[in-house]
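The structure appears below as structure tokens.
The values are calculated or read from the model by the stated rules, or taken from the named source; none is laboratory data. What you are looking at is a predicted structure, and each value in this text was computed from that prediction instead of being measured. A quick note on method: Cβ atoms are made from the backbone with ideal geometry, for glycine too, and the neighbour counts reach across all protein chains shown. Ligands, DNA and RNA are stripped out before the accessible areas are found, and what is left, the full protein with its side chains, is counted by its heavy atoms. Shrake-Rupley method; radii C 1.70, N 1.55, O 1.52, S 1.80 Å.
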Amino acid sequence: MDRYKIIKEVGNGTFGSVWRALNKQTAEVVAIKKMKKKYYSWEECIKLREVKSLQKMNHPNIVKLKEVIRENDVLYFVFEYMECNLYQLMKDRRKVFSEAEVRTWCFQVFQGLAYMHQRGYFHRDLKPENLLVSKDIIKVADFGLAREIDSQPPFTEYVSTRWYRAPEVLLQSPTYGPAVDMWAMGAIIAELLTLRPLFPGSSEADEIYKICCIIGSPSKIRWPEGLELASAINYQFPEVAGVDLSLIIPGVSADAINLITSLCSWDPCKRLTALEALQHPFFQSCFYVPPSLRTKAAVASTPPAGTRGALEHKNSRRYPGSSLNPKPVNNFSSAKPHATLNAGVQRKLDMNNQDVIKNDKNFNSVNRQQKYRPPALNGPTTYLGKTRGVCDATEKFTDMTLGSGRPLAKPSVPPPMKAGGLHGQSDLYPRRSQEILPGRIHTRKVAG
């Protein structure tokens with residue numbers, strides 16, 4: 001810890017405190033989490049869920065664990081520094097966030113969740129305090145309650161803050177999965193659009209009652225497993241019809257209401273997955289289709305069977321009005337290892353593990369079919385406010401295929417004439433460069 005200069009404390013929780021610090025060697029500002037519990041062996045440290053999960057993940061929308069230090073039986077986590085969290089942005093704000101701001105943030109969070117779930121983990125404690133923001137970038141943080149998807153039940157009853165806790169957890173289900181993260185995201189999106197929690201229950205029973213008042217009580221048709229869970233703990237659902245979400249969240253688009261409704265479903269099997277959420281029409285503006293290809297893309301035939309995964313066909317049925325085939329951003333980077341270690345101090349650079357790099361390669365090859373790309377084009381895609389270069393229109397049209405899989409015929413060039421003839425070919429598709437300016441997201445500076 002001698003390499004770091006502590007600046008000030010920025011947070012204090014049940015398991016530890018977080019400090020803003022400066023790396024004396026690199027002048028980099030970092031966040032250091034000091035655990036309150038004593039750790040008497042290194043093996044005990046590396047078995048922590050937060051360490052094990054973050055070791056296997058490297059994504060631009062997941063906070064990066066830079067270093068783990070054990071010194072004098074005290075454990076320190078060194079993270080990249082983020083300016084604030086979503087709760088800090090909301091608590092002193094009078095005007096609601098624009099739908100564009102909410103869309104930009106949530107699109108990034110769903111990308112991080114999709115990566116996390118594909119890597120075999122779910123968070124279990126999503127809430128505004130655990131979504132860190134720096135300018136227009138947002139990252140998922142605090143993996144202290146993260147769990148492997150294929151781990152053996154029973155799972156912990158208490159996970160996440162009550163207001164964002166899924167119904168199956170409230171009803172003490174011994175098994176649950178990534179769908180609990182999706183429920184939490186539905187509640188968070190609604191809160192961002194209203195600056196008020198959607199289900200502010202004061203206890204577990206009151207939380208279920210608040211949920212019933214919003215989305216209506218479950219039935220044997222809507223969620224038969226939920227009625228069995230309630231019966232097992234001698235709980236009876238109140239008979240409430242529910243209300244239209246558009247009355248609770250006024251002034252937002254129908255796509256936003258539909259997204260929240262699809263996430264906050266009683267039955268976890270009917271909730272959107274993170275990949276499906278990214279394909280929802282609410283995020284359609286996050287994908288860019290060049291004007292020269294928009295009419296062609298609208299009439300392009302569906303590729304032959306087998307060229308798209310089952311997930312994409314499922315979502316095309318769920319959202320018939322959406323023409324999205326998005327591609328995830330996998331801008332993974334690995335940190336450079338430090339060369340020196342002080343005597344008597346155990347350190348570990350998690351992201352320097354070669355297994356992580358190897359796993360990333362394997363992961364990219366396995367999940368190549370699940371990348372997001374707008375249909376019928378190989379054009380640029382805008383993510384997180386950044387624009388990729390636009391290929392010229394000639395390459396796009398020559399790369400396009402018809403429904404039968406045959407490429408479009410290229411214009412034939414007549415042979416040169418001996419006299420007064422054509423000596424060159426005209427540019428049938430003039431070159432044009434296009435650029436999308438990134439959306440400006442103004443974060444609010446929080447006092448203290």
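Would you mind stating whether E129 is part of a helix (DSSP H, G or I), surrounded by fewer than 23 Cβ atoms within 10 Å (Cβ to Cβ) and under 23 Å from the mean Cα position of the chain (by Cα)?
yes
Would you please list the contacts, defined by Cβ atoms under 8 Å and residues six or more apart or on different chains, that run from a residue in the range 275-286 that is within 15 Å of A114 (Cα to Cα) and open to solvent by less than 20 Å² (accessible area, probe 1.4 Å) to a residue that is among the aromatic types (F, W, Y) and not in a helix (DSSP H, G or I)?
That search, which allows pairs on different chains as well, returns L278/Y372; Q279/Y319; Q279/Y372; H280/Y319.
Specify which of the listed residues (G177, G120) is open to solvent by 10 Å² or more (accessible area, probe 1.4 Å) and on the phi > 0 side of the Ramachandran plot. First the steps, then the outcome.
On the way: G177 fails: on the phi > 0 side of the Ramachandran plot.
Only one candidate passes the filter, namely G120.
When the residues of the range 20-33 are narrowed to those that are farther than 15 Å from A141 by Cα and either touching a strand residue (DSSP E or B) at 6+ places or on another chain (Cβ under 9 Å) or among the aromatic types (F, W, Y) (or both), which ends up surrounded by the most Cβ atoms within 10 Å (Cβ to Cβ)? Reasoning before the result, please.
Taking the range 20-33 as the starting set, the residues that turn out to be farther than 15 Å from A141 by Cα are 20-29.
Checking which are either touching a strand residue (DSSP E or B) at 6+ places or on another chain (Cβ under 9 Å) or among the aromatic types (F, W, Y) (or both) leaves us with 20-24, 28-29.
On the way: R20: 16, A21: 22, L22: 16, N23: 15, K24: 11, E28: 14, V29: 12.
Among those that are farther than 15 Å from A141 by Cα and either touching a strand residue (DSSP E or B) at 6+ places or on another chain (Cβ under 9 Å) or among the aromatic types (F, W, Y) (or both), it is A21.
Is one or more of the residues making up the range 240-247 part of a loop (DSSP other than H, G, I, E, B), open to solvent by 20 Å² or more (accessible area, probe 1.4 Å) and either aromatic (F, W, Y) or under 21 Å from E168 (Cβ atoms) (or both)?
Within the range 240-247, the subset part of a loop (DSSP other than H, G, I, E, B) is 240-244.
After this cut, where a residue has to be open to solvent by 20 Å² or more (accessible area, probe 1.4 Å) as well, the list is 240-244.
Those still in the list that are either aromatic (F, W, Y) or under 21 Å from E168 (Cβ atoms) (or both) too: 240, 242.
Yes, because at least one residue in the range 240-247 is part of a loop (DSSP other than H, G, I, E, B), open to solvent by 20 Å² or more (accessible area, probe 1.4 Å) and either aromatic (F, W, Y) or under 21 Å from E168 (Cβ atoms) (or both).
Within the range 23-32, is even one residue of a type in the set (A, V, I, L, M) and either in a loop (DSSP other than H, G, I, E, B) or touching a Gly at 6+ places or on another chain (Cβ under 6 Å) (or both)? If you could, list the steps in order and put the result at the bottom.
So the first thing to find is which residues in the range 23-32 are of a type in the set (A, V, I, L, M), and the list is 27, 29-32.
Still in the list and also either in a loop (DSSP other than H, G, I, E, B) or touching a Gly at 6+ places or on another chain (Cβ under 6 Å) (or both): 27.
Scanning the range 23-32 turns up at least one residue that is of a type in the set (A, V, I, L, M) and either in a loop (DSSP other than H, G, I, E, B) or touching a Gly at 6+ places or on another chain (Cβ under 6 Å) (or both).
Within the range 187-236, how many residues are of a type in the set (S, T, Y) and open to solvent by less than 40 Å² (accessible area, probe 1.4 Å)? Give the steps one after another, and end with the answer.
As a first pass, look at the range 187-236 and keep what is of a type in the set (S, T, Y): 194, 202-203, 209, 217, 219, 231, 235.
Those still in the list that are open to solvent by less than 40 Å² (accessible area, probe 1.4 Å) too: 194, 217.
The qualifying residues number 2.
Which pairs do you get when a residue that is under 16 Å from D136 (Cβ atoms), found in the range 87-103, comes within reach of a residue that is open to solvent by 50 Å² or more (accessible area, probe 1.4 Å) and charged (D, E, K, R), reach meaning Cβ atoms under 7 angstrom, with the pair 6+ apart or on two chains?
L89/R444
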